[in-house]
1. Condition test on A:K74, is it crowded, with 21+ Cβ neighbours inside 10 Å and under 30 Å from B:V4 (Cα atoms)?
2. In the stretch A:1-31, which residues are at pLDDT 90 or above and among the basic types (K, R)?
3. Working only within the stretch A:6-37, note down all residues that are in a helix (DSSP H, G or I) and touching a strand residue (DSSP E or B) at 6+ places or on another chain (Cβ under 8 Å).
4. Can you tell me which of A:G27, A:G116, A:G86 is in contact (Cβ under 8 Å) with a residue 24 or more places away in the chain and surrounded by fewer than 24 Cβ atoms within 10 Å (Cβ to Cβ)?
5. Among the numbered conditions (1) more than 21 Å from A:I216 (Cα to Cα); (2) under 21 Å from the mean Cα position of the chain (by Cα), tell me where A:E9 comes up short.
6. (1) on the phi > 0 side of the Ramachandran plot; (2) within 13 Å of chain A (Cβ to nearest Cβ): which one isn't true of B:G15, the others all being true?
7. Here are the criteria: (1) within 14 Å of chain B (Cβ to nearest Cβ); (2) loosely packed, with under 14 Cβ neighbours inside 10 Å. Tell me which single one A:R51 does not satisfy.
8. Report yes if B:L32 is within 13 Å of chain A (Cβ to nearest Cβ) and under 12 Å from the mean Cα position of the chain (by Cα), otherwise no.
Amino acid sequence: MINIFEVLETNEMIERENLDVRTITLGISLLDCIDSDIQALNRKIYEKICRVAEKLVATGKDIEREFGIPIVNKRISVTPIALVGGAAAKTEEDFVSVAETLDQAAKTVGVNFIGGFSALVSKSMTEADRLLIHSIPKALSVTDRICSSVVLGSTRTGINMDAVRLMGDIIKEAAELTADRDSLGCAKLVVLCNAPDDNPFMAGAFHGVTEGDSVINVGVSGPGVVKTAISRVRGQGFDVLCETIKKTAFKVTRVGQLVAHEASKRLNVPFGIVDLSLAPTPAIGDSVADILKEIGVEEPGAPGTTAALALLNDQVKKGGVMASSYVGGLSGAFIPVSEDQGMIEAVNAGALTIEKLEAMTCVCSVGLDMIAIPGDTPSTSIAGIIADEMALGMVNQKTTAVRIIPAIGKKVGDTVEFGGLLGLAPIMPVNPFSCKDLIEREGRIPAPIHSFKN
Amino acid sequence: MKKVIITVIGKDTVGIIAKVCTYLAGNQINILDISQTIVAGYFNMMMVVDLAGSLKPIQDISRELSQIGDEIGVQIKCQREEIFEEMHRI
């Protein structure tokens, strides 16, 4: 039987070390809502989301109360809207109306974000993809809870540089349309390479076309738990360090697996995956940067940071894989700037630059995340940053992403503040040299040689 | 059997166990095991109880026990056993 020390350990993790289940994300296929009439499409989408997700929030709260574990977010992901809306949407405004419908549905069922205002254009764009992408800035400015993502490349297809160039402009436009809110629109817009179909985390969550009608995916977190655990083995060898991270990741993931199974059973929706992630929040003691410091770098960005992050990411996966029957999504350490107090401090201390963050994204789960840059950064430079990150993902056969905020009217030394989980971000300098001629080339970068595995 | 773990943490005072046990008995909840320890000067008690015959659902028990805790100045939590089993047993 469970003993008192085990019980106390678990509750200490929850109460003092910010252990939580970061999100229960209900994936809903909207393929059966497709209609050639935009009003009919919107009505079907609203009805389906409200029907399938009716009990999501209440069920999440019940599980929280019964097990005594916080479930921070209850969210929804839907089939990429460029696919769903293609037959009905003939204008950008039509796509904006779908965004408004999704926003309304999210508010009705009480979820804080709904992801999937998305287009998959890793090789090329359809007319519907193009319309949806052009509608993103307005869609994000007139809604509150929509998250948007665009998949620009993959190891199999190469990188769609026409879409990369377009997204440089779209990100700038989204920033301008929400300039009065510190360019908040860009915090809900991400571009990806090798995007997973079952990611429960925003802003990149969408319900992939390989998924069933509905699915429960759960994202766990617990940077504070890992930090506390390894602080107890300070100064010891890598074997002890790795073993400690693995054991902790196992425990954290087991909680996610339990919650996922309970939610799946109660909602009568199949269980999909547990995403083994270390997702920080701006709260003190909930920081991936603090783990890197505990491993032994003075500030994230110092020499050795990439090695420390590589170690951390790998041990989290090794510990987590055994704890769950199905693992998926992004699974690894997240290194957003604005959402991690330790990363913010590292930027302010001059330790962490965009270039170092780019190197770090080679060994962790996502990419350049929640990074604020000066509002006058040329869109071609934003596209260049995106292209670099897509290339890392394509060549290394991993997911990479860019969620970057050109903060309109702000310059290096200023700060943007989004509040809540999105946090605040110091404006980081961008390399001032141009990549305009590269970005203006048309077409796509071919898939790398090692993608030909057939 | 519906095993639930009740934990009580706080300053040791007279009648903590009595209060909790009276409440449990009043709601037809059977106590399977009790253990206690002192950590950093604080009284820590854990009870394993069976809610199978309980007159109320776990959410109500949890809320009411928490209120009793507030009255006597200790923190009382009520959690289903699975979260601990899953985390600490392979």
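1. Values: crowded, with 21+ Cβ neighbours inside 10 Å: yes; under 30 Å from B:V4 (Cα atoms): yes.
Yes: the conditions hold for A:K74.
2. A:R22
3. In the first step, residues of the stretch A:6-37 are kept if they are in a helix (DSSP H, G or I); the result is A:6-16, A:31-33.
Once the filter is applied, which keeps residues that are in a helix (DSSP H, G or I) and touching a strand residue (DSSP E or B) at 6+ places or on another chain (Cβ under 8 Å), the stretch A:6-37 yields A:V7, A:L8, A:N11, A:I14.
4. Values: A:G27 fails: surrounded by fewer than 24 Cβ atoms within 10 Å (Cβ to Cβ); A:G116 fails: surrounded by fewer than 24 Cβ atoms within 10 Å (Cβ to Cβ).
Matching residue, one of A:G27, A:G116, A:G86: A:G86.
5. Exception for A:E9: condition (2).
6. Going through (1) on the phi > 0 side of the Ramachandran plot; (2) within 13 Å of chain A (Cβ to nearest Cβ) one by one, B:G15 breaks only (2).
7. Among (1) within 14 Å of chain B (Cβ to nearest Cβ); (2) loosely packed, with under 14 Cβ neighbours inside 10 Å, A:R51 violates only (1).
8. Working: within 13 Å of chain A (Cβ to nearest Cβ): yes; under 12 Å from the mean Cα position of the chain (by Cα): yes.
Against the criterion (within 13 Å of chain A (Cβ to nearest Cβ) and under 12 Å from the mean Cα position of the chain (by Cα)), B:L32 qualifies.
The values are calculated or read from the model by the stated rules, or taken from the named source; none is laboratory data. Since we're looking at a predicted model, the values are computed, not measured. Reconstructed Cβ throughout: ideal geometry from the backbone, glycine too, with neighbour counts over all protein chains shown.
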